1. Along each principal axis of its Cα atoms, how long is region B:47-149 end to end? Whole angstroms, biggest number first, please.
2. Taking neighbour counts of Cβ atoms within 10 Å as a proxy for exposure, in what order, fewest first, do A:Glu318, A:Glu99 appear?
3. What is the average number of partner chain Cβ atoms found within 10 Å of a Cβ in A:164-174?
4. How about region A:69-158: which chymotrypsin sites (Phe, Trp or Tyr not before Pro) there lie in a loop by DSSP and see at most 12 other Cβ atoms within 10 Å?
5. Kindly put A:Val272, A:Val324, A:Val439 in sequence by how many other C-beta atoms sit within 10 Å of each C-beta, fewest to most.
6. Can you give the Rg to Rh ratio of region A:158-266, both from alpha-carbon atoms, with Rh computed by the Kirkwood formula?
7. Name the chymotrypsin sites (Phe, Trp or Tyr not before Pro) in region B:174-211 that are in a loop by DSSP and that have at most 15 other C-beta atoms within 10 Å, would you?
8. Note down, for region B:138-211, the three equivalent ellipsoid semi-axes (square root of 5 times each alpha carbon gyration tensor eigenvalue), biggest first, whole angstrom.
Amino acid sequence: MKIVHRLATGIAVASLLSLSSMASAQDAVDPAAKAAAKARAKQVAAWKAQYGPGPYPDEVEAFVQTREERLREYYRVLYYDGEHNAVLNFERLGLLSMELGYYADAEKAFDGALDRIEAFYSKDKQAEKATSATRLEVNKDFKGEPYERAMAYYYRGLLYLRKGDYDNARASFKAAEYQDTVSGEETFQSDFALLTYLQGWASHCAGDGGQAADSFEQAAKVDARLKAPGPNDNLLVLTEVGAGPVKATDGQYQEKLVFRPGTAMPENSAIVTLGTGKTTRAWPLTPAANLYTQASTRGGRAIDGILDGKAQFKSGLETTSALVTNIGTRFSEQMGGDALYAQGAGAVIGMFSKSVRPTADTRMWDGLPSGILVGTTRWGGATAAPPVAKGKKAVPAASAAAPVGWSVPPVSMAYRQDDTMLELTGIKPMSGNAGKCGVVWARSRSVAGLPPQAPGNNAKIALERKKDKGVWAKDEAFRATLR
Amino acid sequence: MQKLRHVATAAIIGLGLTVAGPAIAKKDRSHQAVDLDPDQRGIVSGVGIEGQDLGRMADQMVRDLMANPEVSNRATPPRIILDSSDLRNQSSQRIDKDIITDELRGKLMGAARGKMRFVSREFIAAVEQERALKREGVVDSGTTGLTRATAGADYKLVGKITSLDSRNNDTGMQERLTVISLEMLDLEYGTLVWNGTYKIRRAGADDVVYR
């Protein structure tokens, strides 16, 4: 017994000694560190009150400092919002990066958006919440409407074209067109002819003449203005004009998602000028896409039925509340009872009706254009012919073969309202010719002036969402991929 | 006895605090990265080619190719170029084609055991540079000696990735048939000495809120 007693006493003393030595060692080692830790704890408590579980400004700041200065505010929003708005934030970041010439950032951003668009969110807790009667649709992680998804693929495709990766460019335009098949009405399925045309262009540049011809033919069937490019054309020019469609809500409880044309801008056509001096070439580009048409012809969404059900339930509760209050009060008065019971019951039902939230999600990609114009040409000198052995005939050059040592010339855009020239030069065009073909992409309006936060977000819901441990862990994993 | 109990209780609590204290203080809610089996379906999935398909496809193609005597049972091992330069992606999925050819080359090299030789053209610049240094006398000739020229190839792996997408707008179900078709092209005669096809047919539906 004595041995056990001594052993237990020994363990207790050793434990206490080790604990006190740990504490005293910390004190002795660095009192400044202790003060700093205390100050940090106080700061974290203040941030916790403001930002919930995080991430906190110091962590976000450390992350954004590693990014290009002009993109930092967008990266800040991306990092803080986590998975909730990842697709939307990636899309907006991608477009800004593309405009400012940070192509590596743009490629990664659009890949980030597309990877999420392509993944199935089955059994997703946030998606389930969006269908709950008492939760808003905005609870779900954003994936966008088909026209927004298609545009993410479109921009990624252009970035592939810039690098000369025609296979993946074609895959992107194909996947973009596939998004258009979501349309409820058959008439509007696969009517985004520009995407078919761009598939044709990617095939043309990849040397797949048969596939290119098929795509150009299909595109022309949908939109007769889209004529197939010349067999030797090697430069694609695209410019985007105006402001894209806007999401809004309609209905008694804002349960209907509707699309409205974006802010009216004067420009509706453009003339591209290539080269300088004697080599200058200018021609008007062909209107090839209208984004408002694409957004507004999509037809009903599956979630619309759920939101409509929520709205009807809310309306039913409100009617019941009014009936219980009015009829119950009258009945009680006639019967000589206490009307307060009926009024109380009516108020309870009324309060419950207020908790039913059918409002549609209006988060949107605000930097999109209203229209896209397109044109192609042949640029550059003699075509690089394959070396010919002595005594053999030279083989004629294939279509879109690379001219010798060519590069995309200086490009400028002049925007017009019908035939009237406007004082509008647009952004500095993106251009590149890594492969056989070159691409020029421009916009009449810059996205650099847009706020870093996407419109339509619900900050209260976003903050509430972060308190869910599972969601927080998912966001942490997302942030880890960004760092 | 009473005293012994107090001391024992203190010892247990003390020990517990010593062991668990730092662990409790360091508790955080972040998720550690997890290792996943590359041959099993991952956490995130869609209808396209995924990680697990690559291993299965390569296994099937290697078996198929090794069973072809024209390629795998020649007295002199054939020289083969196996890279992605002539693998066309005509599907609707963005993909780095190298991931397919690298997987296939790795498995084929393991299975061939000298019955095939693989010629690298991807890094020919590095080869040419070293050959120039050797011939200029900047470096010695190495241990394998000098050759008149770099290896010419007998065959080249060529092929296509194609896909067919369909969707049921009533149910939100999406389906994609992806076909990876590879062929061994005789670089002298132009004939195809082997063809292998791997098909992936995958369907799924996104949550109702995204349809």
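Just so you know, all these numbers are worked out from the coordinates, no wet-lab data involved. Since the model is a prediction, treat every value here as computed from it, not as a measurement. Every residue, glycine among them, receives a Cβ derived from its backbone with ideal geometry; neighbour counts consider all protein chains shown.
1. The principal-axis extents, from largest down, are 55, 35, 19 Å.
2. Lowest count first: A:Glu318, A:Glu99.
3. Average per residue, whole number: 5.
4. Here no chymotrypsin sites (Phe, Trp or Tyr not before Pro) fit, given the DSSP loop and packing criteria.
5. In increasing order of surrounding Cβ atoms, one gets A:Val324, A:Val272, A:Val439.
6. Ratio value, two decimals: 1.07.
7. B:Tyr189
8. 48, 18, 8
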